[in-house]
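Participant: This structure is in structure tokens; I'll ask about it shortly.
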Amino acid sequence: MPRFSYTAVDISNKVIKGRTELADRASVIAALTKQGLRPVSIRKLKDKKTSSIDFNNLFRQTKVKRDNLVIFTRQLSAMVGAGVPLLRALSSLQQHTEDVALKDILATVTKDVEGGMTLGGALAKHPANFNDVYVNMVRAGESAGILDEILKRLAFQQERNSAIRKKVKSAMTYPMVLVVITVLAFFGLMLFVVPQIGEIVRGLGGPEAKLPGITLFMLGISDIVTGYWYIIFPALIGLVLLIIQYTRTPRGKRQLHALLLKTPGIRGIVQKLAVARFSRTFSSLMGAGVAVLQALDVTSRAVGNVLFEEALQQAAKEVKNGRQLSVVIARNPLFPSIVSQMLAVGEETGQTDTVLVKVADFFEEEVDLSIDSVSSIIEPVMIIIMGAMVGLIAASVMLPIAQLSQNIR
């Protein structure tokens, strides 16, 4: 989009200079006039072309931290609710934030709003930090004149989503650390410990000594690892990277999400988490005055599971044809029956957003309980696996020693 610099005067003949990005010169004049300014000069800026690499921006932070985004939303809500003009509120927050990425984004957003763009439109230019849910709720709040209330809803929703995300990460951290330690311990033992033990056992028993089967098995694995480590390690790393890359493709992501919904123990967490996200996001959008079809479309992309996304998009098609959302949801096995029942109550009373908030609270509590339950099971299982591995190696050492001591007797 073209960039313009302008000079204008306000009612008190104070000179104001600035820059903006709009479609053409006429749009700049219209935007300035809308702000009560009289244009004096408008000049189109040339695009700067350079072939050199800007190393200052190469490693510059571009992603806003979630906690900082929540704080920004809460502060903007308070300032707008207190009657502070939007431009002044954005400028103040841009000056006082310590998040580099947020500071850069707010500088651009402030210029766009100053140029006549709506806040929702300005935020939509930064989809990496402000998703569809955020932008659509802000747009609805601006249209209804309740931006401060909508921002409060957004901040609360982000806080709940962040709390659940942290809960899931903290629950997965310990098992993942145990898995990594187990793998490293296995290869460390196979590379450095078992070969030394094998030499000692063969030295004591002689070349014709008959070793137990478990000892021969461990020595065989050790010989393979020590002999072909330069093939095994790159192959394992390549396999992991290949799986990660495949799960990022549409087909791979769908298969992964389908597998998670079929895995015992994990299925309950994934399902409850998706339902909680659906309920809170759809409730927020409906409470903001967003149309049902648009709310379903936005919510489907915010749930975080491809199968639920497809189900909600199909539900939107059926709702468009005149069916009630509660009836459509009731026929889908992905959604627990309580969701359709509460939706039916909300549709009858006209308080769908209020009812779904209670559904979201219920399933978020269920997610916490499920995560604690799975974590309490995973931890002893991983400890048993590590203990079994160490016990296997110990048995492969002690059995031949005991056998040799009997032969000596």
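The values are calculated or read from the model by the stated rules, or taken from the named source; none is laboratory data. Since we're looking at a predicted model, the values are computed, not measured. All Cβ positions, even for glycine, are placed from backbone atoms using ideal geometry, and neighbour counts span all protein chains on display.
Participant: Condition first: closer than 16 Å to residue 312 by Cα and surrounded by fewer than 18 Cβ atoms within 10 Å (Cβ to Cβ). Now tell me which residues in region 335-381 satisfy that.
Facilitator: Scanning region 335-381 gives 336, 337.
Participant: Residues of region 373-391 being at pLDDT below 80 and either over 13 Å from residue 175 (Cα atoms) or small (Gly, Ala, Ser) (or both), which ones?
Facilitator: 375, 376, 389, 390
Participant: Further, regarding this structure: For region 106-121, which residues satisfy the criterion of being touching a Lys or Arg at 6+ places or on another chain (Cβ under 9 Å) and within 16 Å of residue 64 (Cα to Cα)?
Facilitator: Residues satisfying the conditions are 108, 109.
Participant: Oh, and also: Name the residue that is modelled with the highest pLDDT, counting only residues in region 3-24 that are under 21 Å from residue 121 (Cα atoms) and either of a type in the set (Ser, Thr, Tyr) or in a loop (DSSP other than H, G, I, E, B) (or both).
Facilitator: 5
Participant: Could you please find all residues in region 229-280 being in contact with a Lys or Arg (Cβ under 9 Å, 6 or more places away or on another chain), more than 23 Å from residue 376 (Cα to Cα) and touching a residue at least 40 places away in the same chain (Cβ under 8 Å)?
Facilitator: Result: 279, 280.
Participant: May I ask you to say which residue of 102, 87, 93 is under 22 Å from the mean Cα position of the chain (by Cα) and in a helix (DSSP H, G or I)?
Facilitator: Going through 102, 87, 93 in turn, just one is under 22 Å from the mean Cα position of the chain (by Cα) and in a helix (DSSP H, G or I): 102.
Participant: Additional query: Just to be sure I understand the filter: pairs with C-beta atoms under 7 Å, separated by 6 or more residues or on different chains, first member in region 25-36 and within 10 Å of residue 8 (Cα to Cα), second member among the aromatic types (Phe, Trp, Tyr). Which pairs pass?
Facilitator: Close Cβ pairs (under 7 Å, with a partner that is among the aromatic types (Phe, Trp, Tyr)) amount to 32/6.
Participant: Among the listed residues 80, 100, identify the single one that is surrounded by 14 or more Cβ atoms within 10 Å (Cβ to Cβ), touching a residue at least 24 places away in the same chain (Cβ under 8 Å), over 25 Å from residue 164 (Cβ atoms) and in the same structural domain as residue 130 (by TED's automatic domain parsing).
Facilitator: After applying the criteria, what remains is 80.
Participant: Got at least one residue in region 382-392 being surrounded by 12 or more Cβ atoms within 10 Å (Cβ to Cβ), in contact (Cβ under 8 Å) with a residue 12 or more places away in the chain and under 29 Å from the mean Cα position of the chain (by Cα)?
Facilitator: Looking through region 382-392, at least one residue is surrounded by 12 or more Cβ atoms within 10 Å (Cβ to Cβ), in contact (Cβ under 8 Å) with a residue 12 or more places away in the chain and under 29 Å from the mean Cα position of the chain (by Cα).
Participant: Here is a further query. Only one of (1) in contact (Cβ under 8 Å) with a residue 40 or more places away in the chain; (2) assigned to a helix (DSSP H, G or I) fails for residue 211. Which number is that?
Facilitator: Failing condition for residue 211: (2).
Participant: Taking only region 105-130 into account, find how many residues are in a loop (DSSP other than H, G, I, E, B) and either touching a His at 6+ places or on another chain (Cβ under 6 Å) or basic (Lys, Arg) (or both).
Facilitator: Number satisfying all stated conditions: 1.
Participant: Output yes when any residue across region 230-251 is at pLDDT 80 or above, basic (Lys, Arg) and assigned to a helix (DSSP H, G or I), and no when none is.
Facilitator: yes
Participant: Within region 25-39, does at least one residue satisfy the condition of being modelled with pLDDT of 80 or more, within 29 Å of residue 149 (Cα to Cα) and in a loop (DSSP other than H, G, I, E, B)?
Facilitator: No: region 25-39 contains no residue that is modelled with pLDDT of 80 or more, within 29 Å of residue 149 (Cα to Cα) and in a loop (DSSP other than H, G, I, E, B).
Participant: In region 1-24, which residue that is without any contact (Cβ under 8 Å) to a residue 40 or more places away in the chain and within 12 Å of residue 45 (Cβ to Cβ) is surrounded by the fewest Cβ atoms within 10 Å (Cβ to Cβ)?
Facilitator: It comes out as 1.
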